[in-house]
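Here the structure comes first, spelled out in structure tokens, and everything after it is commentary.
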Amino acid sequence: MEYEFHWNIVFQKMPELLSGAFVTLHVSVLAMLLGIVIAILLAIAKMNNSKPFCYVATVWVEIARNTPALFQIYMAYFGLGAFGIHLSPYVAVLSALVFINAGYLTETFRGGFQSIPSTQYSASKSLGMTSIQTYRYIILPQMLRRIYHPMTNQFVWSILMSSLGILVGMSELSGTTQRLQSLSFRTLEFFIVAAVMYFIITKLVLFGASLLSRRLFKGEI
Amino acid sequence: MISVQNVHKSFGDLEVLKGVSLDVPNGEVLSVIGGSGSGKSTLLYCINAIETINSGKILVDDVDVHSKDTNKDKLRQKLGMVFQHFNAFPHMTVLENAALAPRIVKKMSKEEAIEIAKKELEHVGLGDKFDVYPTRMSGGQQQRLAIARALAMKPDFMLLDEVTSALDPELVGEVLDTLRLLADEGMTMICVTHEMGFARDVSDRVAYFHQGVIAEIGEAKQVITEPQNPLTQKFLSKVR
Ligand SMILES: Nc1ncnc2c1ncn2[C@@H]1O[C@H](COP(=O)(O)OP(=O)(O)OP(=O)(O)O)[C@@H](O)[C@H]1O
Ligand SMILES: [Mg+2]
């Protein structure tokens, strides 16, 4: 027996899918921004060798990078729930993504920072630049070029991983798709359309990122 | 004038400068020669306060370099420095490299900074490279850029640390020519160098460093061609 496609129902539900997609973008952007802020702090902590901070940062990075995202989300939703801390699905997924983004980006930032040769510091110092000027004009611009692509990839990864929200009943794109297909039994149609939407979102993000990088980084490195 | 007075400098247990004294009057070109690890670079770093000293004193135009009250960033504006390793700012064009410090350190207007940068780049023969990125240039061009970048700050002194030793042999000449030009214009310079011909012909005096002390210092031709100290003689016979 052949499967008969019925697309009408999917298109009727398009507004709901689109609002799911909006939640997907929303949670990913937020997870990225918070992840960046925390990663900057963790990277500084790791590089400063100040014992307690360095220890916290190392544990954070190791857990985030070496356990599945699924596990992080379960821990945030059910794990904390067992201790009486009930997060909404949105907040649970957001916290898990922030946790992982921060872990990965810490290493990205640390690597970017350490890849700037020390001769760049002595060169700018010898020209009479203050430390702040050295970072502002010499170190950070070079670092930003080196971490830009890893950061873009991390963002795309966040968008795709937020689909695990389906497991805790979050109404982002996957969760919404799941609910709509179970009501209509048009499983394949809904998931195909959702997949296409993910594809379009990530392609748009990558396209935007490459446009931006051409405006930001005129020099080569 | 740069005046180095009985300077001692250690890295941990390793004493690198063991009581160095040296006066470089304005307009003089002093070449510093000596074996690897004898402390030549360290001396330059101490003069512009990139490194601290353990004891002694360094005066640049009567300003005590290592005094707590000295504004080191301000002091370094007087001391142009060029290093052995290429260190152009790779994210900026040649012109931006040379115009940056005049603009942000000396607070010149953008137009003024660019004018000075262009002038100094032309000075070292890079007048056709303003919009090129330094990574696209040869080592010799990158070193000349480093010289122009330092000159754009209008320093009173230039400290040059083996600026030709990372270069392919055929590129050494163009950089030495640039230094010769500066010497002729009366720039006060301390050049750490392995180029004995340059030391002999271009500098007024030569100092030979041996294990953290100045073993011999004197008129350039005399030190290079008729060294008095047996250590200098031995060193020169090896590098020839
Ligand atoms: N930042 C540092 N920390 C520890 N030791 C250092 C440091 N900088 C230099 N040294 C040591 O100090 C000694 C003198 O170094 P310096 O660079 O002044 O020698 P040099 O005369 O310039 O030699 P070369 O001709 O090889 O450049 C060397 O033994 C070097 O290993
Ligand atoms: Mg050296």
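Give me the distance in nm between label points sitting 7 Å out from Cα along the Cα-to-Cβ direction at residue B:112 and residue B:1, one decimal. Inter-label distance under the simple model: 3.1 nm.
A simple charge model with +1 on the Cβ of Lys and Arg, -1 on the Cβ of Asp and Glu and nothing else charged puts the dipole of the stretch A:25-172 at about 540 debye relative to its Cα centre. Counting only residues at least eight positions apart within a chain, or on another chain, the aspartates and glutamates with an alpha carbon under 16 Å from that of residue B:68 are B:51.
The chymotrypsin sites (Phe, Trp or Tyr not before Pro) of the stretch A:140-221 meeting both criteria, a DSSP state outside H, G, I, E and B (loop) and at most 16 other C-beta atoms within 10 angstrom of the site's C-beta, are A:185, A:217.
Test of understanding: ordering A:54, B:46 by Cβ neighbours within 10 Å, fewest first, what list do you get?
So the ranking, lowest neighbour count to highest, is A:54, B:46.
Each Lys or Arg adds one and each Asp or Glu takes one away; over the other residues whose Cβ falls under 13 Å from the Cβ of residue B:171, this sums to -4. With both partners inside chain B, how many of the DSSP beta bridges are antiparallel, as a percent to the nearest 5? In chain B, approximately 55 percent of DSSP beta bridges are antiparallel ones. Report the chymotrypsin sites (Phe, Trp or Tyr not before Pro) located in the stretch A:7-89 that are in a DSSP loop and have at most 14 other Cβ atoms inside 10 Å of their Cβ, or state none. The qualifying sites are A:7, A:83.
Label zone of residue B:36 (point 7 Å out along Cα→Cβ, amide N under 14 Å): in the stretch B:172-203 this covers B:194.
Of all aspartates and glutamates in the structure, those lying under 18 Å Cα to Cα from residue B:234, and not within fewer than 8 positions of it along the same chain, are B:195, B:216, B:226.
Exposure here means at most 13 other Cβ atoms within 10 Å; with GluC sites (Glu not before Pro) in a DSSP loop as sites, the longest stretch of chain A lacking them is A:5-219. The stretch A:148-167 and the stretch B:1-80 have Cα centres spaced 53 Å apart. Students often get this wrong, so check it: of B:110/B:154; A:218/B:119; A:125/B:107; A:51/B:9, which have C-alpha atoms separated by over 22 Å? Long pairs (Cα-Cα over 22 Å): A:218/B:119; A:51/B:9. Computed extension length for residue A:214-residue A:41: 59.5 nm, one decimal, from 0.36 nm per residue of separation with the Cα-Cα distance subtracted. Residue separation of residue A:71 and residue A:118 scaled by 0.36 nm, minus their Cα-Cα distance, works out to 12.9 nm of gained length. Between residue B:233 and residue B:181, the FRET efficiency estimated from the beta carbon spacing at R0 = 35 angstrom works out to 0.65. Against chain B, whose longest principal axis is taken from its Cα atoms, helix B:94-104 shows a tilt of about 80°. Per-residue Cβ neighbour counts within 10 Å put A:14, B:81 in the sequence A:14, B:81, beginning with the fewest. Here, the protein assembly as shown has an Rg and a Dmax of 30.7, 104 Å when only alpha carbons are counted. Each DSSP beta bridge with both residues in the protein assembly as shown is either parallel or antiparallel, and the antiparallel ones are about 55%.
Against the main long axis of the alpha-carbon atoms of chain A, helix A:140-161 sits at an angle near 20°.
Working out 0.36 nm times the residue gap between residue A:199 and residue A:56, then minus their Cα-Cα distance, what length gain in nm do you get to one decimal?
47.9 nm
Which of the trypsin sites (Lys or Arg not before Pro) across the stretch B:104-173 are loop residues per DSSP, with 13 or fewer other Cβ within 10 Å? Hits after loop and neighbour filter: B:107.
Sorted from fewest to most neighbouring beta carbons within 10 Å, what does the list B:210, A:86 look like?
A:86, B:210
FYI, it's all coordinate maths here, none of it is from the lab. Keep in mind the model is a prediction, meaning the values are calculated, not measured. Neighbour counts are summed over all protein chains in view; Cβ atoms, including those assigned to glycine, are modelled from backbone coordinates with ideal geometry.
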